[in-house]
Amino acid sequence: MIITNKLDKSFGPVGSFSGIIVFVAGLATVYFSLFALILVLTGAFVGFTYSSAEIDFTGKRVRFLNNLFGIIKTGYWVNVKPDMKIRIAKCRKTWRSYSGGNRELGITNEDYRLILCNSSGRKLMPIKKTENLVSAKAELEAICSQLEIKSIEK
């Protein structure tokens, strides 16, 4: 059984929204000019590209993915060994953009990530994103029991 967990938009919320606007504008003008296909492709790439993680519980492996255009998956599988561990990390990302009038727009996202670590505790990849610590602990227990590995407690 493979579970896919969406993590982040690759170009942030503002870049993703802008890409969707460019995509729609390209679709609207492609009837008048074939050069609008460049807008469609650029807008689709920027607007729909995101990162995710897949967990294969039967094969005991995980992979971090970049989903180009929202459909083309790029990433490689990592086999989960019994000495690997999963830990909870608080993640705070701030996305900044500037308007033409040099006004700043800052969007801050705080969440909790389940991160796969090797035997020495080095981070390998995020595998799940949750909104609060309680749900992160519940997901940590569920994933650790299904993959038959231990967790790192802080």
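The values are calculated or read from the model by the stated rules, or taken from the named source; none is laboratory data. None of these values were measured; they are calculated from a predicted model. For neighbour counting, all protein chains shown are included, and Cβ atoms are generated from backbone atoms with ideal geometry for every residue, glycine included. Protein only, heavy atoms only, side chains kept; ligands, DNA and RNA dropped before computing areas. Shrake-Rupley method; radii C 1.70, N 1.55, O 1.52, S 1.80 Å.
Show the residues, 5+ positions off or on another chain, whose built amide H is closer than 5 Å to the amide H of Met125.
It is Leu116, by chain and number.
As I understand it, the value is the acute angle between the Cα axis of helix 133-147 and the longest principal axis of the Cα atoms of the chain; what does it come to in degrees, rounded to 10?
70 degrees
Starting from the residue with the highest accessible area, list Cys91, Cys117 in decreasing order, probe 1.4 Å.
Largest accessible area first, the list is Cys91, Cys117.
Looking at the P(r) of the stretch 8-154, how many percent of alpha-carbon pairs lie beyond 17 Å?
69 percent
Within the stretch 27-45, what residues put their amide N at less than 18 Å from the label point 7 Å along the Cα-to-Cβ vector of Leu68?
The answer is 38-45.
From the protein chains alone at 1.4 Å, what is the descending order of accessible area for Ser99, Ser16, largest first?
Largest to smallest exposure gives the sequence Ser99, Ser16.
Using a 1.4 angstrom probe on the protein heavy atoms only, could you order Arg122, Arg61 from most to least accessible area?
On the way: Arg122 150, Arg61 70 Å².
Ranked list, largest accessible area first: Arg122, Arg61.
With every protein chain left in place, what is the accessible area per residue of the stretch 2-152 in square angstrom, probe 1.4 Å?
The answer is 60 Å² per residue.
Out of the DSSP beta bridges found with both residues in the stretch 15-153, what percent are antiparallel (nearest 5)?
Rounded to the nearest five, the antiparallel share is 90 percent.
Excluding ligands and nucleic acids, what accessible area in Å² is computed for Ile38 using a 1.4 Å probe, to the nearest 10?
110 Å²
Across the stretch 53-136, how many lysine pairs separated by 8 or more positions, or lying on different chains, have Cα atoms within less than 19 Å?
Eligible lysine pairs with Cα atoms under 19 Å apart amount to 17.
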